[in-house]
Each structure stands twice: as C-alpha cells, then as structure tokens.
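Some notes on the structure that comes next.
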Amino acid sequence: MQTQLEKLFQLQHHQTTIRTEVVAGLTTYLTMAYIVFVVPTTLGAAGMDKQALIAVTCLVTALSTALMGLGANVPIAVAPGLGMSAFFTYTLVLTNHIPWPVALGIGFWAGVLFLVLSLIGAREKLVQAIPPSIVTAIPVGIGMFLLFIGLRNMGVVVANPNTLVMLGKFTPSVVISVGGLFVTLALLIRNVKGAILLGIVLATIVAALAGLVAPPEGIFTSGVRVAPVAFKLDVLGALRWSLLGPVFALFYINLFDSLGTLVACASEAKLVQANGKIERLSRMLNIDAVAAIVSSLLGTSPSTAYIESATGIAAGGRTGLTAVVTSLLFLGSLAIIPLISIVPAYATAPSLVIVGLLMISQIRHLDFSKFEEYIPALFTILMMPFSFSIATGMACGFLSWGLIRLLLFRPREISGVLYVIMALSLISLLL
C-alpha cells in the first residue's frame, strides 16, 4: 500500500509522509465540514429537498475533491460554492423567479463555458482583461452579500416597510444564533480546528435542549436519496436570451472565486516555480470546470476550490493524498444524513456571517489613492447587498469603471474584451 501511494502521489518528491497527508486531509475536512449544513440550507430556501441536498453536497464534494487529488495531485478540496449557492437561491430563484431546475441549467451552461475557456487557455487572458480593482471588489461584494443573508437568517436583521430593514427581536432562536456566532468567533481567534463546524453543532444542541428542534428520526442513514434533485436540471430552458446575464454572472463568480483560491493554495503548497508559474495550474482549472458541470447535473450549485484547503496545507499537506482523505471523510458524512437534517437555519446562519466577514477582509488590497479605481469597486461591493444580487453588483462595477474612462477621454484603457463585458453587463441590467 505504501509503495502504491508513493508512486501515485510522489510523497518523497514533495517531502511529505502518509501520516502527514492523512492529518492534513482530516484538518481540511474539519475546517470545511460546515458546508454539509450550510449549502443544503441555502439551496433549500429555493424549494429544493433538503435531505437530498445534504446527500448531493457530500457526494459532489467527495467526487470533486477526489478528482482534484487524483487528477492534479494537489491538496485542494472542491465543493459547491457558498457565494454561488447564495446567487442561485436569492438572485435567480427568489428575486428573478426562475424555477430551480432552470437555475441548475444556468449553472450547467456556466460550467460548460468555464470548461471551454479553460481548455483553450483563454481563462487566464479573460481575467487579465478585468481591472484589478474590480477583481478585488467581487469577493468583497459577495462577502457583504453573504453577511447580509446570514444576519437575516439569524433573525438579527428583519424587514421593515418604512425603513426597509431593522433590528429583529431577540427571540430564543435569535439569542441562540447570536451566541453561536460569538462562540464560533472566539474559537476562530483561538485557532481551534473546525471552529465553524463546532459552532453549528453547539447551537443545534442548545436549540434541542430548549425544545426548539425536533429529535431526528434516526442517527444513521437507511438509504441515500438524491432523486428529488439529481438530473432535474432544465438545460434547454436555460438557453434563453434573457438568461444570458445570469449565465455570465455565475461564470464570473466561479471564475474569480476558483482562480484566486487555486493561486493562493498553490502558493502555500509551494507549487510556484522560480519563473512565477504554478505547477499543474491548467489541469487544476480543467478539473475545477468539470466539477462545476457535475454539480449542476447532480442538483447543486457549481463547485469551486475552497480556501479552507489552506488549513490542510498549513498542517503539512503537499499532495493529492490530502484531498483524497478529505474526499473519503465527506463520503462518510453520508452515513448520518438524518442527524444533519435537523440542524436549523439559524444555527448555520452564523457561518455565513463569518465567511462573509473573512471575504470582506480582502478590501485591504483595494487602492484607495485613485478615485477612478476605488469608486467602481465600491459600486460593485455595495450594489450586491443593496440590490440583493451578485450579478447586478458586478454589472454596475464593470459599467461604472468603463463609463468613468470614457468621460475622462481615456477609452484606450478599455480593452476589446472589456467592451464586450460592459455590453453584456448593460444587457443584463436592462433585461
């Protein structure tokens, strides 16, 4: 076994051991296991079957992460993205009233576009055409959006007909949720492994003791059920001119999310060569795109590389064996679906707040010394939560950046690719 693993993952070449890789895989799993609770809760708000979503989340994460480990030999986990789950539910389904099978079809076509551009090597060039300030602003804006959704799901922020929003009442569920948030923050500050997962579990236990959660029908899964969501996507229904904007937006969310994560994790894993190029980046991008397509086919939001992989890398993970161990642990999560399904939305909501806060921290990379750079970036960031749409925020950012250049008589700063992006952004706002 050891010899086979050595040949498959080149452990000695990467100066690591089986034990180190196993510990790293467990670390990554504990850090991102919260998605088994959060992604199904988020997509469940779109009217999809929650238990089936739990199973699909585990399956997609296990499959995608194993593909990354075996296909690219890197310690990076891949799973349905939180930002894309939020876009799927709150923008496509609840705001634009798109049926969730059609929304899955939109994710499928975004994944196909993702894969085609990756295979022809155009993906990196496309990123280069986007202004750096907008590239920085996109994850920050998604973070703001997740923060707002998290506070709303906690019950801390509620609707008000006069002021749009207001502070909610501190009911028992809100108190438990707020307590879970600060306990999780304290655990994170103390660098406790699996802090977000522990916060969700503790909040659920307190809710159960308070009689706010019904006991599970059982602990172990009697049978994995994915039929309510798997292969229910409406591929042809998503092929409409009016849905071009959402396809474009979902593609861009995945593009920047995954590329940024892959570059960051590859750097931590010492996969950057002396000339600045990242080993096996092309292969990682292709696998990431395939994972996005598979996610839509199985009935969840497109998958992306997870920054939580950095915790496993920090624990010594250097090869795909780390990813394979993480994959097997997610597969094992299928055994306790009934237990997972009782977790209430207000117990998982703090994780959205925390992930949002972590993403917002990227604003430190924004250059505030140039008015023409940070104003379009702020439009991107603020319009996502204010319009309750990631796509709208991106469109406003692209258009404002280009419009300022045109008004300053500096049209040459706008590339041909960016003109196309601006045109598509304008169309998405007008449709």
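Of all lysines in the structure, those lying under 21 Å Cα to Cα from LYS270, and not within fewer than 8 positions of it along the same chain, are LYS7. What's the local net charge at PRO376, with K and R +1, D and E -1, over the other residues with C-beta under 15 Å away? That works out to -1.
Need the full-extension length gain, LYS270 to HIS97, defined as separation in residues times 0.36 nm minus the C-alpha distance. One decimal, nm. Don't skip to the answer; put the middle values down first.
On the way: separation 173, 0.36 × 173 = 62.28 nm, distance 4.48 nm.
So the extension gain works out to 57.8 nm.
In this rough spin-label picture, where each label sits 7 Å from Cα along the Cβ direction, the LYS193-PHE409 distance is 6.3 nm.
What does the accessible area per residue of the range 309-431 come to in Å², with a 1.4 Å probe and no ligands, DNA or RNA counted? Kindly include the intermediate steps, with their values, before the conclusion.
Values: 5240 Å² over 123 residues.
Ligands and nucleic acids excluded, the result is 43 Å² per residue.
Rg/Rh for the range 1-95: what does it come to with C-alpha atoms and Rh from Kirkwood? Working shown, then result.
Working: Rg = 16.7 Å, Rh = 15.0 Å.
Taking Rg over the Kirkwood Rh, I get 1.11.
Karplus-derived 3J(HN,Hα) values for the range 237-242, using 6.51 cos²θ - 1.76 cosθ + 1.60 with θ = phi - 60°, are x, 7, 8, 10, 4, 5 Hz; glycine and proline are entered as x.
Where the accessible area of the chain is counted over protein heavy atoms with a 1.4 Å probe, how much of it, in %, is carbon and sulfur? So the carbon and sulfur contribution to the accessible surface is 68 percent.
Residues whose amide H comes within less than 5 Å of that of VAL157, counting only those at least five positions distant or on another chain, are ARG152, GLY168 (H built at 1.01 Å from N in the peptide plane). For the chain, the membrane-span-like helix rule (DSSP H, alpha carbon extent of at least 30 Å along the helix axis, mean Kyte-Doolittle at least 0.0) picks out 50-72, 132-154, 244-268; this says nothing about an actual membrane.
The amide H of THR304, built 1.01 Å from its N in the peptide plane, has ALA79, GLY81 as neighbours under 5 Å, considering only residues 5 or more places off or on other chains. Relative intensity of the chain on a log10 scale, I(q)/I(0) at q = 0.08, 0.12 Å⁻¹, equals -0.43, -0.99, per a Debye sum over C-alpha point scatterers of equal strength in the absence of solvent. Using C-alpha pairs below 8 Å separated by at least 6 residues, the relative contact order for the chain is 35 percent. Each label was represented as a point 7 Å from its Cα along the Cα-to-Cβ direction; for ALA129 and LEU430 these points are 1.9 nm apart. In the chain, once you exclude exposed chymotrypsin sites (Phe, Trp or Tyr not before Pro) (DSSP loop, at most 16 other Cβ within 10 angstrom), what's the longest stretch remaining? The reported range is 1-169.
The values are calculated or read from the model by the stated rules, or taken from the named source; none is laboratory data. Since the structure is predicted, the reported quantities are computational estimates derived from the model, not experimental observations. Note: ideal-geometry Cβ built from the backbone for every residue, glycine included; neighbour counts use all protein chains shown. Heads up: the accessible areas ignore ligands, DNA and RNA and are worked out on the full protein's heavy atoms, side chains in. Shrake-Rupley method; radii C 1.70, N 1.55, O 1.52, S 1.80 Å.
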